[in-house]
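Let me begin by handing over the structure; questions about it come next.
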Protein chains: 2
Amino acid sequence: MAKSPRAVTLKDVAERVGVSAAAVSMALAGHRRIGPETTDRIRAAAAELGYVPSSAGKALRRQRSDAIALVVPNSTQHVFGHSYFTHVLTGVTSAANDRDVQVLVSTNSSEASGLTAYERVMRARTADGAVVTSAGIEDPNIERLAASGLPVVLIGNYPELPSAFSVGVDDVAASRSITEHLILEHGRTRLLHVTGPLDHRTAVDRRDGFLQAVAAHGLADDAQVVEGDFSERSGWVAVTGRRFGADGFDGVVFANDDMAFGGLQALRAEGWSVPGDVAVVGFDDFGIARVASPSITTVRVPAEAMARLATDRLFAQIEGEDSVPTRDELPVVLVRRASCGCASPPIDLLDD
Amino acid sequence: MAKSPRAVTLKDVAERVGVSAAAVSMALAGHRRIGPETTDRIRAAAAELGYVPSSAGKALRRQRSDAIALVVPNSTQHVFGHSYFTHVLTGVTSAANDRDVQVLVSTNSSEASGLTAYERVMRARTADGAVVTSAGIEDPNIERLAASGLPVVLIGNYPELPSAFSVGVDDVAASRSITEHLILEHGRTRLLHVTGPLDHRTAVDRRDGFLQAVAAHGLADDAQVVEGDFSERSGWVAVTGRRFGADGFDGVVFANDDMAFGGLQALRAEGWSVPGDVAVVGFDDFGIARVASPSITTVRVPAEAMARLATDRLFAQIEGEDSVPTRDELPVVLVRRASCGCASPPIDLLDD
DNA sequence: ATTAACTGCTGAATCGATAAAGCAAGGAGG
DNA sequence: CCTCCTTGCTTTATCGATTCAGCAGTTAAT
């Protein structure tokens, strides 16, 4: 380190060329009131000196930071574990990169002064807006943030926040659809559903989709719902000690893939064959479903596309184009693999 | 958004209390030259108005952004796919959060004006420093960045950049160690090594460790090295069509878990038993090794701890404490699972 | 009693970029 | 010939926070 070569500023370029700083600023912005010959000289000098405008100076003057925040309300440990986050980050950064906007990742670890970290980021105008993900149904901070008048787009379903911008999938329909896959294409009739934590909208919706499916096919009496928490362990726990096969459940619908994977291990440990004795399906397809053995049939949630769209909506909001809240719902795809009995190569390398 | 409630500034707080802006600034900073009674009134007013200092104003004046960049030189698609990145991000954010510093994720997608995006971030002083990860041995941008005098810490091994700060693991020793595990504990003698792309230091080091191990035990003649590229597919390709078992290789050392997983699928497809006919080991333990069937014995690289330490070193550098480059090497752990023949429960839920 | 030091605040300068207003010189139009 | 519009720049104000230099008024020291 030692020598921290003072950064090149507008003034440096101006002196080099022999014009005012304002002229340099205007020339670099392509303003027509600066002569073409001067503009060329300024551009050349800027390039030669390696001038890059100070983001702080620009942000202060323009009242715009050219950065957006990706907010992860849940604890760092928990959510980063889900590779869901990786997909979201990819979507957000690619949309932001298209506009030369920085992405900052904000968690709410420091709960100092009653303000969550991401609220601070917004109020300090470190970011022009935020994409918020993985919020539980109960999070009051999200409501505050969405109601604060600051540009925010939520990923997920928030029927209780009708005035918020959001991007999601139809969890109810998707869950009903994959349940019906078990019923109609595999003839399963005695179904178990393992939910996520029921204070999450996602968990509730997926459960409701399951219930609609069994009700619609007259299988409600033989169906059962047990609450999990989206963790692998809870999937394991939910199926352990139950009866499957001929005189038990012949299908299990897990509300996500992590639980399905945990369930798969438990079923194997207790000697049940999948999909022979019991068919298993998951939800999400963020990674583990493809690599598990047997590979897990699931609903692919387009996390990256959702994040990209959410980011686009956020920019529209920041630019003031949109003033009326938007709600986007993306289609999902049923991915047929081995755990439900659909044929599948041992590995689908082309899958991802 | 219609009503964008103009942000609360220092001036607003000052007017409310009836003092100068300077007094407010000093009071909030805990300066002793402001009377205790005035300080209390200022603090109360600031809290009441919900004052949060503008990061742009502060950054401009202090010449410090209180943000660091996490730089991912490779293409977004490629690297985010590796869940390695998730671990790194967790480590960086947790270290940054401890200091109330923002983390921004920077890729080099926009190659505009010859400057990579992350170099722009540094020169625009959007970030005070950068943690750089996943750089190939060949990347000239990294050298430029490291030589630029800006605070940078690299994650990985960069013997060709002796004046750079870096944090890594001893890939050579680790690779030798896991190879010897196959030799000494499982009696394997005919070993195949599948490398990563050999323009990556990591790939070269792991190959060298493998070669040291076979040479040390007189198995060099029966050993073979084939080049892969760290992708699942290349692991598949590397073992397909080869002979294993009694008259072939009885052990394969993959340079990472993704390739090991691909290799596992290929071996299964061709009817070889793992670990019966052939023992398999990987490297990294970023996720897939635990959930594969059979689970993959591997070297756990402490990505999160490396990232956390790298971030700590970066802050030391930014604060100017450290002026002489540091090089940290973290210990790795051999994780014994099923693919090498070490006993293992069907799933180790406590593992992660 | 006079100087020195301290206390508690205010005023002004500063960080770097931008945009509005200003101003000189030249050309067009009446 | 005088006004009016361009053209091509410069001056100046501004964004919000910080910090140094001042400046009254008080207390301590000699």
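Throughout, read-outs are computed from the coordinates displayed, never taken from laboratory work. Computed from a prediction, not measured in an experiment: that's the story for all the values here. Cβ atoms come from the backbone with ideal geometry, glycine included; neighbour counts cover every protein chain shown.
Roughly what % of DSSP beta bridges within chain A run antiparallel, to the nearest 5?
Numbers: 3 of 37 bridges.
Looking only at bridges with both residues in chain A, the antiparallel portion is about 10 percent.
Just to be sure I understand the model, the point goes 7 Å from the Cα along the line to the Cβ. What's the resulting residue A:31 to residue B:20 distance in nm?
Simple spin-label model gives 3.3 nm for this pair.
Quick one: net charge of residue A:243's neighbours, Cβ under 11 Å, K/R +1, D/E -1? Spell out each step's value before the answer.
On the way: positive: A:190, A:242; negative: A:247, A:250, A:270, A:277.
Value of the local net charge: -2.
Something else about it: Dipole of the range B:10-53 (Lys/Arg Cβ +1, Asp/Glu Cβ -1, origin at the Cα centre): which of B:13, B:28, B:52 lies farthest to the positive side?
B:28
Which whole number gives the average, over all residues in B:58-71, of C-beta atoms from other chains lying within 10 Å of the residue C-beta?
Numbers: counts 4, 9, 8, 2, 1, 5, 1, 5, 2, 5, 0, 2, 2, 0.
Average neighbour count from other chains, rounded to a whole number: 3.
Separate question: Just to verify a number: FRET efficiency for residue B:247 and residue B:268, C-beta to C-beta distance, R0 = 30 Å, to 0.05?
Details: r = 19 Å, r/R0 = 0.65.
Approximately 0.95, to the nearest 0.05.
What value, in deg cm²/dmol to 500, does the helix sum -39500 (n - 2.57) over DSSP H runs of n ≥ 4 give at 222 nm once divided by the residues of chain A?
Values: 14 runs with 141 residues, N = 352.
Counting only the DSSP helices, I get -12000 deg cm²/dmol.
Per residue of A:228-235, how many C-beta atoms from partner chains lie within 10 Å of its own C-beta, taken as a mean? Present the calculation step by step, with values, prior to reporting the outcome.
Numbers: counts 0, 0, 0, 1, 4, 3, 0, 0.
For peptide A:228-235, the averaged partner shielding equals 1.
Can you give the Rg to Rh ratio for the range A:10-53, taking only C-alpha atoms and Rh from Kirkwood? Before the final figure, lay out the partial values.
Numbers: Rg = 8.8 Å, Rh = 9.8 Å.
My calculation of the ratio gives 0.90.
Under the Karplus relation 6.51 cos²θ - 1.76 cosθ + 1.60, θ = phi - 60°, what is the ordered set of whole-Hz ³J(HN,Hα) values for the range B:219-230, x standing for Gly and Pro?
10, 4, 5, 8, 8, 9, 10, 10, 8, x, 9, 6
Anyone know which of A:273, A:295, A:25 comes out most mobile in the 10 Å Cα GNM of chain A?
For chain A, modelled as a Gaussian network with Cα springs under 10 Å, the answer is A:25.
Okay, next question. Quick one: compute the contact order of the range B:10-53, relative version, from alpha carbon pairs under 8 angstrom and 6+ residues apart, as a percent. Could you put the intermediate results ahead of the total?
Numbers: 36 pairs, mean separation 18.3, N = 44.
The value is 42 percent.
Relative contact order for the range B:142-252: what percent, with Cα pairs under 8 Å and sequence separation of 6 or more?
Values: 146 pairs, mean separation 28.5, N = 111.
Normalised by residue count, the contact order of the range B:142-252 is 26 percent.
Could you work out the relative contact order of chain A, using alpha carbon pairs under 8 angstrom and six or more residues apart, expressed as a whole percent? Walk me through the numbers on the way to the answer.
Working: 651 pairs, mean separation 53.0, N = 352.
That works out to 15 percent.
Also, I was wondering about something else. Once amide H atoms are placed 1.01 Å from N in the peptide plane, what residues at a sequence separation of 5 or more from residue B:152, or on another chain, have their amide H within under 5 Å of its amide H?
Counting only residues 5 or more places away or on other chains, the set is B:130.
Something else now. Hey, can you grab everything whose amide H is under 5 Å from the amide H of residue B:227? Only 5+ residues off in sequence or another chain; H modelled, so Pro and N-termini drop out.
For residue B:227, whose amide H was placed from the backbone, the distant partners under 5 Å are B:195.
Now for a different question. Looking only at the protein assembly as shown, where both bridge partners belong to it, what percent of the DSSP beta bridges are antiparallel (to the nearest 5)? Could you put the intermediate results ahead of the total?
Details: 9 of 77 bridges.
Among the beta bridges of the protein assembly as shown, antiparallel pairing accounts for roughly 10 percent.
Follow-up question, since we're still on this one. Please list, ordered by chain and number, the residues whose modelled amide H lies under 5 Å from the amide H of residue B:252; skip anything fewer than 5 residues away on the same chain.
Here B:192, B:279, B:280, B:281 satisfy the definition.
Name the residue, out of A:153, A:72, A:237, whose mean-square fluctuation peaks in a Gaussian network model built on chain A with Cα pairs under 10 Å.
Among A:153, A:72, A:237, the largest mean-square fluctuation in the Gaussian network model of chain A belongs to A:237.
Could I ask something else about it? Classify chain A as rounded, prolate or oblate, taking a ≥ b ≥ c as the square roots of the eigenvalues of its Cα gyration tensor: rounded when a/c is under 1.5, otherwise prolate if a/b is larger than b/c and oblate if not. Before the final figure, lay out the partial values.
Values: a/c = 2.91, a/b = 2.52, b/c = 1.15.
Cα axes put chain A in the prolate bin.
Rounded to the nearest 0.05, what FRET efficiency is calculated for residue A:184 and residue A:326 with R0 set to 22 Å and r the Cβ-Cβ distance?
Working: r = 34 Å, r/R0 = 1.56.
Working from the Cβ atoms, E equals 0.05.
What translational diffusion coefficient, in µm²/s and rounded to a whole number, does the Stokes-Einstein relation yield for the protein assembly as shown at 4 °C and a viscosity of 1.567 mPa s, taking the hydrodynamic radius as the Kirkwood radius over Cα pairs?
Working: Rh = 27.7 Å.
Here the translational diffusion coefficient equals 47 µm²/s.
I'd like the mean, over residues of B:266-272, of how many other protein chain beta carbons sit within 10 Å of each residue's own Cβ. If you can, show how the numbers build up before the last one.
Details: counts 3, 0, 3, 3, 0, 0, 0.
The per-residue average across the peptide is 1.
Say we join alpha carbon atoms closer than 10 Å with springs in a Gaussian network model of chain B; which of B:15, B:232, B:160 then has the biggest fluctuation?
With Cα springs under 10 Å in chain B, the top fluctuation among B:15, B:232, B:160 is at B:15.
Charges at C-beta only: +1 for Lys and Arg, -1 for Asp and Glu. How large is the resulting dipole of the protein assembly as shown about its Cα centre, in Debye rounded to 20? Before the final figure, lay out the partial values.
On the way: 68 positive and 90 negative charges, 555 e Å.
Charge dipole of the protein assembly as shown: 2660 debye, to the nearest 20.
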